[in-house]
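**Student:** Once you've had a glance at the structure underneath, I'll fire off some questions.
Please treat every number below as a calculation from the coordinates, not as lab data. Because the structure is a prediction, the values reported are computed rather than measured. Glycine gets a Cβ as well: all are built from the backbone with ideal geometry, and neighbour counts include every protein chain shown.
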Amino acid sequence: MTTKTESKSKVSFKPLKERVFVRYNEEDEKSAGGLFIPDTAKEKPQRGTVEAVGSEVKEVKVGETILFDKYSGSKIVVDGIDYLILKEEDILGIFAG
């Protein structure tokens, strides 16, 4: 049984209070017209998967895919993987799965 604060990722991290630990979802490397987008031209992803939540988080759960503001939160890199720590109030919505 997975509890609210457990992470399914290999990174052991527990956010505090109303914070959420998110792994960026990979964005498509092609534009709608089929052109490849170089890394330098890509914008910061706005979609991610919740990896862990703090004790005061009420609206989202581990494993859900969320949408967040482009410049919200604090970016960290662990083992070459981009993560984001953000407040629950910065989450715009949850994608239905």
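**Student:** For a footprinting-style exposure proxy, rank Phe21, Phe95 by other Cβ within 10 Å, fewest first.
**Tutor:** Listed from fewest to most nearby Cβ atoms, that is Phe95, Phe21.
**Student:** Now, a different point. Sorting Tyr83, Tyr71 on the 10 Å Cβ count, fewest up front, what's the list?
**Tutor:** Ascending Cβ contact count within 10 Å gives the list Tyr71, Tyr83.
**Student:** Report, largest value first, the span of the C-alpha coordinates of region 52-97 along each principal axis, in whole Å.
**Tutor:** 28, 23, 21
**Student:** Which of Val22, Val60, Val11 comes first, and how do the rest follow, when ranked by fewest Cβ neighbours within 10 Å?
**Tutor:** Val11, Val60, Val22
**Student:** HN-Hα J couplings of region 68-74 from phi, Karplus 6.51/-1.76/1.60, θ = phi - 60°, integer Hz, Gly and Pro as x?
**Tutor:** Along region 68-74, the couplings run 9, 4, 4, 10, 8, x, 10 Hz.
**Student:** Taking 7 Å along the Cα-to-C-beta vector as the label spot, tell me the Leu92-Lys17 distance in nanometres, rounded to one decimal.
**Tutor:** Using points 7 Å along Cα→Cβ, the separation is 2.5 nm.
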